[in-house]
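These notes concern the structure reproduced below.
The values are calculated or read from the model by the stated rules, or taken from the named source; none is laboratory data. All values reported here derive from a predicted model rather than from experimental measurement. When we count neighbours, we look across all protein chains shown, and the Cβ atoms used for this are built from the backbone with ideal geometry, even at glycine. When the accessible area is computed, the model is the full protein with side chains, heavy atoms only, and any ligands, DNA or RNA have been set aside. Shrake-Rupley method; radii C 1.70, N 1.55, O 1.52, S 1.80 Å.
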Amino acid sequence: MLTVSNLSVQFGKRILFDEVNVTFTQGNCYGIIGANGAGKSTFLKILSGEVDPTSGHVSLEPGKRMSVLNQNHNMFDEFTVLETVMMGNKNLYAIKKEMDDLYLNYTDENADRIGELQIQFDEMGGWNAESDAATLLSNLGIQEEFHYTLMAEMDAKLKVRVLLAQALFGNPDVLIMDEPTNDLDFETIGWLENFLANYENTVLVVSHDRHFLDAVCTHVSDIDFGKIHHYSGNYTFWYESSQLASKQRAQQNKKAEEKKAELEEFIRRFSANVAKSKQATSRKKMLEKLKLDDIKPSSRRYPAIIFEQEREAGDQILNIEKLSASIDGEVLFKDVDLNVAKGDKIVVISKDSRATTAFYEILNQNKQPDSGKVEWGITTIRSYLPVENHEFFENDLTLVDWLRQWAKTEEERDEVYIRGFLGKMLFSGEEALKTGRVLSGGEKVRCMLSRMMMLRANVLMLDEPTNHLDLESITAFNNSLKNFKGTILLTTHDHEFAQTVGTRILELTPNGLIDRYMSFDDYLDDPKVKELRNKMYF
């Protein structure tokens, strides 16, 4: 059990946490959520002892071990991959290290000490430590050939996986993870979801991946108004219930009995859905046990992301013939033949993110293909959200003047109109006079989305659109794309985005294109597709 008592954190005049009292119990997985700046990562650092609170304290039950996903990717560069994983259990690794040193300098005097250490090592399951670490690495996509490689020689994206294996190693009593799905592919995220869904100890996780939170969380821990409140259920349940509570609060004239009946029906409906799913929620605490008083409205602000078409496109959207691209002689994709139909919502994927980005850059005439041709329909109006947007903000324009660049009418150029537009995207008052150079990554993406909305395109191209966005923006963005009537080409590592938006999957490989009209989940689960994917990459 992990207990937080009377915790307060203050930076200058800003109060981040105010007398927080919460307990995290064994067998539950807590998704820590909150608006950007609410203090999610700071809270995890306080729990791990990396940051001291202004007042209050954190206590871990005696004899229990805490493990934290390390964010310093270069901290273990002098160690091998396998050693780095085993260092996740500090006590076990210390015993192993001492034994190894004593064996190197073996004498009759240290024989008794070696015997003591061997007993401790055996009780901790130490003799299986290397094989357990190797299994974790393999499950996370680190092939055996890399297990004895120095961390300094590992690719940055593979280092992330090694550090994740380190955090998971040795069955810690409390597992703390900040954005564990970063740089993982869908298959590896799926493995991690299953691992945590069956994990018997305590997990605390911060993530912007809603599908991941839904798959693993038994509770949501909401940081709001300087406090932390636990809610039973996963992220989707928290989001939908808080929206329902907000709607009910606005309906002042609605009778209390009607509101209660509406909430009870919502809980019954959601509980039935969860019980039929594979989510961790169903194995831990059923939603029927919720008290109606537990459901409260949230103070979150959601941007108004609404894509409208200036005109509806004709039937001819996009035709591609024999399209190929490479980088420094390495083939990204080749011989792509594709016809995009009106209203297609296409998820474009590849095991190499350079392939998908090159594909979009070619479609937008920012890069020349090695061969092939691209023909857009004459009625298409296209808008593109690139994965890198820094070039759009290399100026000193205020956000008002920045957005004005894409206005099409005199009315849209008016400052009042633009300020209203920016206000809906959460840039109100003086924030609209910021320059692009000082914006955070999430603010820049919200500006790029504002630009796209101003263009009123009938074809949207989105390369990793959720990068840097908070959960509120991601949710609003996702809902907007589900309702968009035009054509979408989308590449994302957000599983929920891919599953709820996409109706067609395109996979770019060095040996051609896989093209299927099906949902994203069906694509990942289809045995024939799995067999074909294995062939296309080798």
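Values for this structure:
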read-out: Bridge type composition, region 316-537 - antiparallel percent by DSSP, nearest 5; value: 55 percent
read-out: Cut-off 10 Å between beta-carbons: net charge of the residues surrounding Ser371, Lys and Arg +1, Asp and Glu -1; value: 0
read-out: Taking the C-alpha atoms of the chain, convex hull volume expressed per residue in Å³; value: 194 Å³
read-out: Shape of region 316-537, Cα gyration tensor, a/c cut at 1.5; value: prolate
read-out: Cα gyration tensor shape for region 76-169, rounded if a/c is under 1.5, else prolate or oblate; value: prolate
read-out: At R0 = 45 Å, FRET efficiency that the Cβ-Cβ distance of Thr435 and Asp52 yields, to 0.05; value: 0.80
read-out: List His219, His390, ordered by accessible area with a 1.4 Å probe, largest first; value: His390, His219
read-out: Given Lys342/Lys535; Lys159/Lys367; Lys64/Lys97; Lys408/Lys485; Lys367/Lys535, the pairs whose alpha carbons are separated by over 26 Å; value: Lys342/Lys535; Lys159/Lys367; Lys367/Lys535
read-out: Förster radius 35 Å - calculated FRET efficiency between Asn339 and Asp224 (Cβ-Cβ, nearest 0.05); value: 0.15
read-out: Solvent-accessible heavy-atom area per residue, rounded to whole Å², over region 329-408 at 1.4 Å; value: 48 Å²
read-out: CD proxy at 222 nm, helix term only [per DSSP H run n ≥ 4: -39500 (n - 2.57); per residue of the chain; nearest 500]; value: -11500 deg cm²/dmol
read-out: Pairwise FRET efficiency - Arg113 versus Asn72, Cβ, R0 = 35 Å, nearest 0.05; value: 0.60
read-out: Tyr302 - accessible surface, heavy atoms, 1.4 Å probe, Å² rounded to 10; value: 60 Å²
read-out: Summed side-chain charge close to Leu489 - residues other than Leu489 whose Cβ falls under 11 Å, Lys, Arg +1, Asp, Glu -1; value: +1
read-out: Accessible surface, 1.4 Å probe, highest first, among residues Ile32, Ile119; value: Ile119, Ile32
read-out: Summed side-chain charge close to Met75 - residues other than Met75 whose Cβ falls under 13 Å, Lys, Arg +1, Asp, Glu -1; value: -3
